[in-house]
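Nothing in this text is a laboratory measurement; each read-out follows from the coordinates by a stated rule. Computed from a prediction, not measured in an experiment: that's the story for all the values here. Cβ sites come from the backbone with ideal geometry, for glycine too, and all protein chains shown count toward neighbours.
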């Protein structure tokens, strides 16, 4: 890295908050990691890959809580952690939707119905509701500590700055650990998912064939009735 490039990075950080840097760097790198995670999902268990993705965010959250933007060493380390933490966003967007069909197959074998719309709607709306709840809690906390919307971050009181750090770093870290524990006990692995998919496909084919046979059996009777009716009319 040249001295001119390093100087530009320092000037950029002096005019940008560390949370803004985190957002831009993680979002950009998350897009680049999509092919990698797509191949990783085919090599290992989806739940294992999701846990690995969650764990990659932990160093970045620790860095957000402890690092400052006025030291060049911390800046370079923070960018490195942002690149690693971007894997968590990629895994979170790719893997959970891929688990829904497996859950649908298991549900179909147990209850003989496939409510696809219900599962996908609950996943989408449930995610947005949880985000809205978290944002609402953050807003209430900032209002309690005296956050002022018309004042720059440099002029906010220390309680506001500390509250933002706790809302962005330790609290998401707790949720990451809890979600990783829940994913670890997820009962459907790849082998079980293949068996469920095979059984559900065979069951659906059998159902379709049974319905088609019933329709074929009923059709001759209808034609015979129509023949007699036409004969009488004639």
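Only residues of the range 111-141 count here: report those whose backbone N is under 17 Å from the spot 7 Å along Cα→Cβ of residue 149, or say none.
135-141
Can you give the Rg/Rh ratio of the range 61-199, where Rg is from the C-alpha atoms and Rh is the Kirkwood radius?
Checking Rg against Rh, the ratio lands at 1.10.
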